[in-house]
There are 2 protein chains.
Amino acid sequence: MGGKAMQIRRVAIDTHPENTAFLLREGNGYSPEQFQALRKIEIGNGSVSILATLAIVDDNCLLEPGQIGLGEQAFRRLGLPEGSEVTFRQAPVPPSLELVRRKIDGDTLDDAAIAAIIRDIAAYRYSPMEIGAFLVACAGFMTTQETLALTRAMADAGRQMQWPAELVVDKHCIGGIPGNRTSMIVVPIIAAHGLTMPKTSSRAITSPSGTADTMEVLAAVDLPEDRLVEVVRQEHAVLAWGGRVNLSPADDVLISVERPLRIDTFEQMVASILSKKLAAGSTHLVVDIPVGPSAKVRSRREAIRLRKLFEYVGTKLGLVLDVVFTDGSQPIGRGIGPVLEARDVMAVLRGDPDAPEDLRDRSLLLAGHVLEFDPALEGGQGYARACELLESGAALAAMERLIDAQGRRATTLQPGEHRHEVRSHQFGTITAIDCHLIARIARLAGAPMDKGAGIDLLRKVGDTVRPEDVLYRIHAHSDTGLHYARDLAEGDSGYTITP
Amino acid sequence: MGGKAMQIRRVAIDTHPENTAFLLREGNGYSPEQFQALRKIEIGNGSVSILATLAIVDDNCLLEPGQIGLGEQAFRRLGLPEGSEVTFRQAPVPPSLELVRRKIDGDTLDDAAIAAIIRDIAAYRYSPMEIGAFLVACAGFMTTQETLALTRAMADAGRQMQWPAELVVDKHCIGGIPGNRTSMIVVPIIAAHGLTMPKTSSRAITSPSGTADTMEVLAAVDLPEDRLVEVVRQEHAVLAWGGRVNLSPADDVLISVERPLRIDTFEQMVASILSKKLAAGSTHLVVDIPVGPSAKVRSRREAIRLRKLFEYVGTKLGLVLDVVFTDGSQPIGRGIGPVLEARDVMAVLRGDPDAPEDLRDRSLLLAGHVLEFDPALEGGQGYARACELLESGAALAAMERLIDAQGRRATTLQPGEHRHEVRSHQFGTITAIDCHLIARIARLAGAPMDKGAGIDLLRKVGDTVRPEDVLYRIHAHSDTGLHYARDLAEGDSGYTITP
């Protein structure tokens, strides 16, 4: 690699997600000008190497001359023991950056070019700035062919899980609707029927709860891959956190930049979802696209464009797709936040008379679509079969087995004990509930980190209200959380009430 | 700012250009989930604050509970003494990022929107990733009106230098041509004439030398502002490094992202150059646009588009502009690299018979254009006056005074003692020299960090050569540098020789 040999020293500083290396300013023979060029370095021993940002240290409590310090993240990624000899040099510019520049200049990229970019991104050779440049250039315009190439490249950058079943089904909602925890009802229904459905989900990043956060109220979701495979072998299904199995390393890197920039184009969405499903070994997929004024997709025209893109890319990659449009005009269920959502899910599975009907209906609709993939089932019988499995208690039993197999949580978590009720100020009918605003209020209350924090919706669209009627109740585990959430909600409840 | 009070501790780690803060993982009462949200924080005491990236420390040699560590860059920028009480919180998202998202979505931004973005960039509120997103979105398309707004916003983000003269002239080359050190000849000519020309220049970032690097071979260029003003008062001129006076903080931040991404659109170029000239207090500006197959501008058509953009934006902002197209088909002068270029400059000023003619001619042409700004000079007399000032020795005398005023370098620097001659392999005439490749070879040899490293061109376009004739000589201070440069040059000399 060039440069003189240095000894690795582990430095107990965590700069996740960036790799950082540390070097004493004095005693290693580098001039200030040389340090300027050494902002980003490649460190290795000829067989393994990583890229890292270099920090210059003036205090020898951390390092001695002749040592190169590695922060915890960098030390882990390089994987060599302390004291190993390595060399380092100014990080070479990944050649695929030239292709990103062509994309910025307005060129269309071919499959090989996109594959080269994605390989370098998955290998952590791009800085967040460079990833952002690629994503923004793609947001400018991206052909259907480029989207297909991107999806394939992202799937190829990871490895593919294999299952001992020909039919491996999945169901994915594009998100944006608070409380929409249908997966936790669909999965046990499908498992009870006997199809294989290894569902991995994300944790919330910008929403008040992800399926993984809500499932975690009931059972362990952070399963190592062998445990996950074992649960699926035994129960046909799993409801686990996908972050642990690292299915699509390129997607994980891209998402870390898409989120803060809030880049959420249809092309990126399709590539991200389908590449993960391919990596998870799915063969058949139901995609749920909620359409509504405060949903991700706001009109039927947009929904059709997105459906066509899903179908084109999915089919080219060998997936059987069923894209379903659903009502995205308001939150689903009553609870928003992990504990409150888990309560709703179990109420539906148990068949409680006061279980939220909209969550039950939506789950049955989607489970019906998934069941239609079963060639043994007569066409059109999916929905009826889903109702049967739910009403008979078979789905509940499957869920209880799944919870036990993943590891049941020892204690029952409760909704946050700090509460505030948001009330109507007028007579009228509720005509809209703003999904964005409700999500923000629930997050301010502490969801998803505080499992019991969130919102309990007591009134939904179509209900008539009078002054002082409670619209919803905010739950928090801390006074501060309740205070922030209440301030936002009292400024704007998110409810439209028409006299 | 919220959060509990912490004491500042200075941590002797330099993470320039990023601000970094350090916090112990244990003992401050934060959960892993909270640390996840605290990747980027705002630290302050109510009257001053900075943004920083948070690194988590597991070793209490650096910090104790109740302390927040600040890296050297962050400590300097916050400007509070060690032990001061501060609080911190998750960094708020700058509201102007919403405008960047609109630009990514294809909107045209108005003046107020661009001003808001630039204010936040100049205040270090954007991450490199966010700056990259803005720049790439602008590279996608940018209207003339947006370019004007960007230039004005960048100039307004800094402060404007004031000079006790009505006419403050400057001359700027858009770059890309190795050896093109005309400023170091134009400035003494203009100073000898008596016009005010406070020239600040950049150091090389991607080229083998910037004017500041070459001038530094002869004199100090890193002048504090009061010294710089003093030199101009005394000598009418200066040849200083612009980085010290921080004229356009927004431009400095943008450039730190443009360079690695190699974003070099005409719109960014015009905004960057003209905002800096406005901040420097210039009233009249000659812009030199070299046109050639390996220059930044490759055709006359492109050159005209760029000239029109300069003229539109410059005139709207009250600058008097004279845009000159020059021959950019090959390097200028013989030496490439600080010491070799300084040698050429002084040879021209002294009137040495073997001084490079092209450097002399180009300097006189540009000096002539600058002198035409002088209302006291009869129209068309600029060039003749420039020749007169050079030939009489008045320009040399002005340069010697300038060197003394800035601080003459005590020792004379020599070209690198490791040498390699690149030779012709054939009979023929030199028809082209690749500016890019020559620049890369010179940089590999060690320029601009090693002042004596670089290339001495012994043959130029139009010369006839025979096998074994020396085309150029590579100079380096180290064997390694010579080795890298020689390898590249022996693979491709950069010379096109036509039989």
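The values are calculated or read from the model by the stated rules, or taken from the named source; none is laboratory data. Keep in mind that this is a model prediction, so the values were computed, not measured. All Cβ positions, even for glycine, are placed from backbone atoms using ideal geometry, and neighbour counts span all protein chains on display.
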Residue within the stretch A:265-283 that is free of Cβ contacts under 8 Å to residues at least 24 places away in the same chain and either of a type outside the set (Asp, Glu) or surrounded by fewer than 24 Cβ atoms within 10 Å (Cβ to Cβ) (or both) present: no
Scope the stretch B:281-314; condition polar (S, T, N, Q) and within 15 Å of B:ASP170 (Cα to Cα); matching residues: B:SER282, B:THR283
Filter result for B:VAL286 (in contact (Cβ under 8 Å) with a residue 60 or more places away in the chain and within 14 Å of another protein chain (Cβ to nearest Cβ)): no
Filter result for A:GLY132 (of a type in the set (Gly, Ala, Ser) and free of Cβ contacts under 8 Å to residues at least 40 places away in the same chain): no
Selected residue (only one of B:GLU490, B:GLU400 is in the same structural domain as B:TRP241 (by TED's automatic domain parsing) and surrounded by fewer than 21 Cβ atoms within 10 Å (Cβ to Cβ)): B:GLU400
Residue match in the stretch B:177-199 (condition: surrounded by fewer than 20 Cβ atoms within 10 Å (Cβ to Cβ) and at negative phi): no
Pairs with Cβ under 6 Å, 6+ apart, first in the stretch A:425-439 and in the same structural domain as A:LEU457 (by TED's automatic domain parsing), second among the acidic types (Asp, Glu) and modelled with pLDDT of 95 or more: A:ILE430/A:ASP463
Enumeration of residues in the stretch A:255-276 that are within 14 Å of another protein chain (Cβ to nearest Cβ) and under 12 Å from the mean Cα position of the chain (by Cα): A:ILE255, A:SER256, A:GLU258, A:ARG259
Selected residue [over 17 Å from A:SER363 (Cα atoms) and assigned to a helix (DSSP H, G or I)] from A:VAL339, A:VAL348: A:VAL339
Count of residues meeting criterion [buried (at least 23 other Cβ atoms within 10 Å of the Cβ) and either over 18 Å from the mean Cα position of the chain (by Cα) or more than 18 Å from A:VAL187 (Cα to Cα) (or both)] in the stretch A:217-230: 1
Checking A:ASP226 against (1) touching a residue at least 12 places away in the same chain (Cβ under 8 Å); (2) more than 14 Å from every other protein chain (Cβ to nearest Cβ), the condition it does not meet: (1)
Residue in the stretch A:155-170 that is farther than 30 Å from A:ILE114 by Cβ, part of a strand (DSSP E or B), at pLDDT 95 or above and of a type outside the set (Asp, Glu) present: no
Residue in the stretch B:305-314 that is more than 18 Å from B:ALA212 (Cα to Cα), in a strand (DSSP E or B), over 20 Å from the mean Cα position of the chain (by Cα) and in contact (Cβ under 8 Å) with a residue 24 or more places away in the chain present: no
